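The values are calculated or read from the model by the stated rules, or taken from the named source; none is laboratory data. These numbers come from a predicted model, not from an experiment. Here the Cβ positions follow ideal geometry from the backbone for every residue, glycine too, while neighbour counts run over all protein chains shown. The area values use the complete protein model at the heavy-atom level, side chains included, leaving out ligands, DNA and RNA. Shrake-Rupley method; radii C 1.70, N 1.55, O 1.52, S 1.80 Å.
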Amino acid sequence: MRVFLVVLLLLPLVAQAATPELTVEKPWMRYLLPSIPAAGYMELQNPGAADVVITGAASPACGMLMLHKSADTSGMAMMMDVQSITVPAHGSATLAPGGYHLMCMQPTMKLGDKVPVTLRLQDGSIVVATLPVYGAQNAP
Ligand SMILES: [Cu+2]
């Protein structure tokens, strides 16, 4: 019985090894104050032949980590939750100020930290990234 349980627990790990070919470039976190949500940015490259859909994100340094999109609606800067971010086949998606970003709701970090972030994909696999933390003045 014990052996059987171990095999079941390992199955998700094996599934994760077959991750779509998504690569993370230029990741960083913009952090201001503990009371203000921090924002995660990166460039996602998908050299594969199928679209890759990000459906969620998590980080131990964020409380909730949400998918957001900024939009400039009639001169008023707004942002909203999005259900997913698609990285098209043979294409890329950019998370950057003014557009898509990860919203780190309860940031527990300091400048210079490297924050682990897990992206959940629609097929159940995950992509792990490390986001160095920058302030307002020294953004990359
Ligand atoms: Cu946001």
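Couple of notes before you dig in:
- Evaluating 6.51 cos²θ - 1.76 cosθ + 1.60 at θ = phi - 60° for every residue in the range 35-47, the Karplus couplings come out as 8, 10, x, 8, 10, x, 10, 5, 10, 10, 10, 10, x Hz, glycine and proline recorded as x.
- Surface/4 estimate of mean projected area, convex hull on alpha-carbon atoms of the range 57-103, nm²: 4.2 nm²
- Gained length - THR55 relative to ILE36, 0.36 nm times residue gap less alpha-carbon distance: 4.5 nm
- Lys/Arg +1, Asp/Glu -1 at C-beta; the range 37-140 dipole; positive extreme among ASN46, VAL87, MET105: MET105
- Distance between modelled label sites at ALA77 and ASN138, nm, 7 Å Cα→Cβ extension: 2.2 nm
- Hz values of 3J(HN,Hα) by residue in the range 102-113 - Karplus curve (6.51, -1.76, 1.60), Gly and Pro given as x: 9, 9, 8, 6, 10, x, 10, 6, 9, 4, x, 5
- In angstrom, the C-alpha Rg and Dmax of the range 28-140 are 13.9, 41.
- Computed from Cα atoms, the angle from the helix 2-17 axis to the main principal axis of the chain rounds to 50 degrees.
- Taking each DSSP H run with n ≥ 4 as -39500 (n - 2.57) and averaging over every residue of the chain yields -4000 deg cm²/dmol at 222 nm.
- Candidate residues HIS68, HIS90: accessible-area rank, largest first, probe 1.4 Å: HIS90, HIS68
- Largest first, the residues MET66, MET29 sort by 1.4 Å accessible area into MET66, MET29.
- Dipole in debye (nearest 20) - the chain, about Cα centre, beta carbon charges: Lys, Arg +1; Asp, Glu -1: 380 debye
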